[in-house]
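Read the structure below first, then the notes.
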Amino acid sequence: MNLTEKLKALLAEVDTLSKKGTDLTEEDVARVPVLRGEIDAIQAKIKAQDLAASTLKSAIDEADGKRAKGAPDAHQFLSRADRADGFAAAFKTQLAEQTSNKALVPNQTVTIDYSAPLVAEPRPALTLLSLVSYDDSEAEPTGAYLRQTLRENNATTVAAGAKKPTSRYGTESVPWELSTIAHLSEPIRKQFLEDFAQLNPWLAVELAYGVTEALQDLLLDGGVSEGGATVRGLDTVVGTNTQAFVGDTFRTLRLAIGALEVKGIAATGIALNPTDWTEIELSEDNEGRPLTTAFAGQGMSRSLWGVPVVVSPQIEAGTSWVGDWRTILLKRKGTLKLEMTDKGVYEQPAVDPEAEPTLLDLYEHNLLRARAEVRAVFQFLQPAALTKVDISA
């Protein structure tokens with residue numbers, strides 16, 4: 001039962017009691033102030049959620065208007081600055097509204113759902129997550145999807161009455177299970193959250209950014225599912241292509257794109273390590289002229305042959321991934337959640353490595369810990385649409 005349904009049920013109970021008039025029992029009389037408190041609490045929480053949602057939508061709409069020209073449109077991950085204001089405002093609203101009424105904070109936990117795309121840093125570079133496709137529907141904890149393993153098109157002209165050719169397409173069923181990506185902050189003095197306005201946006205953005213980084217690691221390297229099973233990443237998924245180094249970086253990348261085009265696949269992104277992109281931007285011809293831009297101070301969109309370039313430290317130096325990243329589908333259950341609680345014990349490491357850690361009761365010491373987490377899974381629908389490229393001589 002959601003908050004609106006709970007409020008409706010409580011109001012119906014009030015209506016029932018009001019119809020009794022002077023025939024209220026002792027239990028009814030005792031129930032009235034409790035009802036009043038529960039209704040006030042739920043209305044305050046609904047108000048906080050509406051305000052947070054409104055703040056987020058406003059911030060997201062404003063940020064989405066700043067997208068780089070030519071960058072992927074749907075679900076683009078923008079800079080920290082673009083997302084921080086909306087995230088922080090929503091978080092501060094929830095924190096202020098909820099902590100003002102203990103009934104709204106079971107176990108002294110404050111939770112905010114952040115449904116916008118996660119933040120990324122820096123601009124104009126996008127994250128790897130800006131290239132993949134998204135499924136906006138709620139993901140189940142487990143399931144299966146179909147992965148394409150074969151494409152053999154044999155369509156051709158056919159005379160009337162002649163036998164038509166048969167094309168061959170292969171798929172396989174691939175089971176999947178959600179992974180939880182999460183991390184905690186160290187204890188924070190509760191007074192700091194009240195005294196330093198800049199602490200809330202800073203903490204919210206850093207925690208969300210950390211989850212974004214971990215999601216990119218899951219995309220490339222894999223990890224573990226919620227059930228403890230090994231999850232494959234792009235580097236270990238069966239069926240991707242490889243391109244050996246030929247001549248120089250530019251030629252090798254273009255050969256990889258061309259090989260995909262022969263198969264009817266249009267590359268939507270080139271992922272590079274920052275050091276490799278730096279070398280590309282600094283590349284010169286025999287006359288010492290830049291190959292990618294005329295002047296160091298001249299802004300340029302990150303692209304090669306019209307294909308957007310994503311710079312990510314998660315990509316191994318000397319390698320690149322090229323292809324149709326839209327064939328990778330990201331599914332999530334719920335949204336990014338940020339929680340703060342004063343319950344539990346924190347093991348504070350001792351200065352002396354040989355000494356035992358100090359156990360701090362968060363409530364007794366007026367401390368809070370924050371946790372950010374998201375539940376997600378990547379589905380590789382067509383591995384043959386992506387190529388790992390060796391760009392090192």
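The values are calculated or read from the model by the stated rules, or taken from the named source; none is laboratory data. Here the structure is a predicted model, which is why all the values come from computation and not from measurement. Reconstructed Cβ throughout: ideal geometry from the backbone, glycine too, with neighbour counts over all protein chains shown.
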Residue within region 237-253 that is loosely packed, with under 14 Cβ neighbours inside 10 Å and within 30 Å of ASP342 (Cβ to Cβ) present: no
From THR275, THR293, residue being more than 26 Å from the chain's Cα centre (by Cα), among the β-branched types (Val, Ile, Thr) and either at pLDDT below 90 or closer than 22 Å to ASP235 by Cβ (or both): THR293
Output for region 349-393, where each listed residue is acidic (Asp, Glu), under 26 Å from the mean Cα position of the chain (by Cα) and in a loop (DSSP other than H, G, I, E, B): none
Exclusive hit being in contact with a helix residue (DSSP H, G or I) (Cβ under 8 Å, 6 or more places away or on another chain), surrounded by 16 or more Cβ atoms within 10 Å (Cβ to Cβ) and either under 20 Å from GLU339 (Cβ atoms) or at pLDDT 85 or above (or both), set LEU193, LEU203: LEU193
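Within region 152-166, is even one residue exposed (fewer than 13 other Cβ atoms within 10 Å of the Cβ), among the basic types (Lys, Arg), modelled with pLDDT of 50 or more and in contact with a strand residue (DSSP E or B) (Cβ under 8 Å, 6 or more places away or on another chain)?
Of the residues in region 152-166, the ones exposed (fewer than 13 other Cβ atoms within 10 Å of the Cβ) are 152-166.
Filter again for among the basic types (Lys, Arg), leaving 163-164.
Filter again for modelled with pLDDT of 50 or more, leaving 163-164.
When the remaining residues are screened for being in contact with a strand residue (DSSP E or B) (Cβ under 8 Å, 6 or more places away or on another chain), the result is none.
No: region 152-166 contains no residue that is exposed (fewer than 13 other Cβ atoms within 10 Å of the Cβ), among the basic types (Lys, Arg), modelled with pLDDT of 50 or more and in contact with a strand residue (DSSP E or B) (Cβ under 8 Å, 6 or more places away or on another chain).
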Counted residues, region 192-220 - those being in contact with an Asp or Glu (Cβ under 8 Å, 6 or more places away or on another chain) and under 20 Å from SER133 (Cβ atoms): 2
Criterion (of a type outside the set (Ser, Thr, Tyr) and in contact with an Asp or Glu (Cβ under 7 Å, 6 or more places away or on another chain)) met by exactly one of ARG147, ARG232, ARG151, ARG189: ARG147
Condition met for ALA139 (assigned to a loop (DSSP other than H, G, I, E, B), modelled with pLDDT under 95, under 30 Å from LEU215 (Cβ atoms) and of a type outside the set (Val, Ile, Thr)): yes
Answer from THR55, THR22 - the residue that is in a helix (DSSP H, G or I), polar (S, T, N, Q) and at pLDDT below 80: THR55
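Return the residues of region 245-295 that are among the acidic types (Asp, Glu) and out of contact with any Gly (no Cβ under 8 Å at 6 or more places or on another chain); say none if nothing qualifies.
Passing the criteria: ASP248, GLU261, GLU279, GLU281, GLU284, ASP285, GLU287.
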Conditions (1) more than 30 Å from LYS263 (Cβ to Cβ); (2) touching a Leu at 6+ places or on another chain (Cβ under 7 Å); (3) without any contact (Cβ under 8 Å) to a residue 24 or more places away in the chain; number of the one not met by GLU194: (2)
Region 212-242: number of residues that are charged (D, E, K, R) and closer than 19 Å to THR142 by Cβ: 2
Hits in region 171-190 - residues which are surrounded by 16 or more Cβ atoms within 10 Å (Cβ to Cβ), touching a Ser or Thr at 6+ places or on another chain (Cβ under 7 Å) and either aliphatic (A, V, I, L, M) or farther than 19 Å from ARG375 by Cβ (or both): LEU178
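For region 301-319, indicate whether the set of residues that are farther than 30 Å from GLU284 by Cβ, surrounded by 11 or more Cβ atoms within 10 Å (Cβ to Cβ) and modelled with pLDDT of 90 or more is non-empty.
no
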Within region 325-370, considering residues that are acidic (Asp, Glu) and surrounded by fewer than 18 Cβ atoms within 10 Å (Cβ to Cβ), the one nearest to GLY143 (Cα to Cα): GLU339
